[in-house]
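The values are calculated or read from the model by the stated rules, or taken from the named source; none is laboratory data. Remember, it's a predicted structure, so these values are computed and weren't measured experimentally. Backbone-built Cβ (ideal geometry, glycine too); neighbour counts: all protein chains shown. With ligands, DNA and RNA removed, areas are computed over all heavy atoms of the protein, side chains included. Shrake-Rupley method; radii C 1.70, N 1.55, O 1.52, S 1.80 Å.
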Amino acid sequence: MSVITVERKVLAKNDVIANENRSAFKRNKNFVINLLSSPGSGKTSLVEKTIEVCKNKLKIAVIEGDVQTDLDAQRIDKLGVPVAQIVTNGGCHLEANLVKDALNSLNTNDVDFLVIENVGNLVCPAGYDLGEDFKVVVLSVTEGDDKPLKYPAMFRNASVLVINKIDLLPYLKCSIDELKKNALSINPSLKIFETSCTTGKGVDSWCSWIQSNLQSK
Amino acid sequence: MHELGIAQNIIEIVQDQTKNYSNRKIKNVFVKVGKLTNVLNDSLVFGYDALIMGTNLEGSKLSIETVPAKIRCESCGSESVIDGLTFCCDQCKSTSVKLVNGMELTVFEIEIEDLSEVT
């Protein structure tokens, strides 16, 4: 038997394309987030609310990733923001080449802030670099305060946590302090925002964070 | 289900690395999978076995070495293996830690038949 020593990263192909995306974003001075969460935590609602608050201050574009339908792209399109929909047809996460293809149909030359909304899934998308500046994970309080412990890779790889649907806290057993404690035990450097896309609470400080990042671009 | 895509990437790496040995059978492919990669070993082997049918890798075996998650404390310097739940130093309980192992996803060795075995 002969042995060939290889030492090749399995996802190297994805990383190469992610770096190409990153260079393109840098050239265009796009601040880019990869928005991650389980299905139904309010990613698209957060994007809508962000557009509502920031639309007059910065140029926004959105890439929507879904297993099926362009329902999310329709929601963003109604707000007059450029949007590209990726339909993965069963694929459980976005990969860098899908984002690269989507960029061909989206002019990001004059875009300040690009949101890549990933497929709703707290597992697989954590492992794929798309070329973004930050991974932002959204967790709604209806999902329970133990989720950071159950999906550690997602919360470890993210830089920012948005705790959403906080208007529903009076009706739930979820403890926001416990949720934050659990998240910070996985990733002590997580930056945390608390939002409600229904009442608008907390959205301003989330939008200020986006703007402070644009200035450093 | 993302294991299927990962298996496909492994197969492409093996095919690329063995293209100069096209007359020899590929017997074993060794990969390292970190504990925090969210990859299920059984699903990865299942995907690999399904995808190699009809290719030059047919009959080869995917062998997986699971790499435990290990952290290095930035305060006291000691290293601890963690269960994936708490990123906290075993010795001084500091949470200022760096992940040193656990995110590996690497093809590290390929075993092919010797020239003398080629029929």
Of the numbered conditions (1) open to solvent by 30 Å² or more (accessible area, probe 1.4 Å); (2) out of contact with any strand residue (DSSP E or B) (no Cβ under 8 Å at 6 or more places or on another chain), residue A:182 satisfies every one except a single condition; which is it?
(1)
Mind checking whether some residue in the range A:102-111 is closer than 18 Å to residue A:160 by Cβ, in contact (Cβ under 8 Å) with a residue 24 or more places away in the chain and of a type outside the set (Gly, Ala, Ser)?
no
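Within the range A:19-32, count every residue that is of a type in the set (A, V, I, L, M) and either crowded, with 21+ Cβ neighbours inside 10 Å or at positive phi (or both).
Counting residues in the range A:19-32 that are of a type in the set (A, V, I, L, M) and either crowded, with 21+ Cβ neighbours inside 10 Å or at positive phi (or both) gives 1.
Of everything in the range A:92-120, what is of a type outside the set (A, V, I, L, M) and open to solvent by 30 Å² or more (accessible area, probe 1.4 Å)? Give them in sequence order.
A:95, A:97, A:100, A:101, A:104, A:105, A:107, A:109, A:110, A:112
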Which numbered condition residue B:89 fails, given (1) crowded, with 17+ Cβ neighbours inside 10 Å; (2) in a loop (DSSP other than H, G, I, E, B); (3) in contact with a helix residue (DSSP H, G or I) (Cβ under 9 Å, 6 or more places away or on another chain); (4) not aromatic (Phe, Trp, Tyr)
(3)
Among A:161, A:139, the single one that is part of a strand (DSSP E or B) and touching a residue at least 40 places away in the same chain (Cβ under 8 Å) is A:139
Please enumerate the residues belonging to the range B:95-105 that are open to solvent by 20 Å² or more (accessible area, probe 1.4 Å) and either within 7 Å of chain A (Cβ to nearest Cβ) or not in a strand (DSSP E or B) (or both).
B:95, B:96, B:103, B:104, B:105
Residue ID - nearest to residue B:26 (Cα to Cα), chosen from residues in the range B:46-82 that are in a strand (DSSP E or B) and open to solvent by 30 Å² or more (accessible area, probe 1.4 Å)
B:61
Residue list for the range A:46-62, filter: crowded, with 19+ Cβ neighbours inside 10 Å, touching a strand residue (DSSP E or B) at 6+ places or on another chain (Cβ under 9 Å) and of a type outside the set (Val, Ile, Thr)
A:46, A:54, A:61
Please count how many residues of the range B:24-45 are outside any strand (DSSP E or B) and either away from chain A (no Cβ under 14 Å) or among the β-branched types (Val, Ile, Thr) (or both).
4
Per-region count, the range A:63-91, residues part of a strand (DSSP E or B), open to solvent by 40 Å² or more (accessible area, probe 1.4 Å) and either touching a Cys at 6+ places or on another chain (Cβ under 7 Å) or not β-branched (Val, Ile, Thr) (or both):
1
In the range A:120-136, anything touching a residue at least 40 places away in the same chain (Cβ under 8 Å) and either in a loop (DSSP other than H, G, I, E, B) or more than 13 Å from chain B (Cβ to nearest Cβ) (or both) is listed as A:120, A:121, A:122, A:128, A:129, A:130, A:131, A:132, A:133, A:134, A:135, A:136
Which members of the range A:65-99 meet the condition of being within 16 Å of the chain's Cα centre (by Cα) and away from every other protein chain (no Cβ under 14 Å)?
A:66, A:72, A:73, A:76, A:83, A:84, A:85, A:86, A:99
Could you grab me the full set of residues in the range A:11-40 that are aliphatic (A, V, I, L, M), at pLDDT 95 or above and not in a helix (DSSP H, G or I)?
A:32, A:33, A:35, A:36
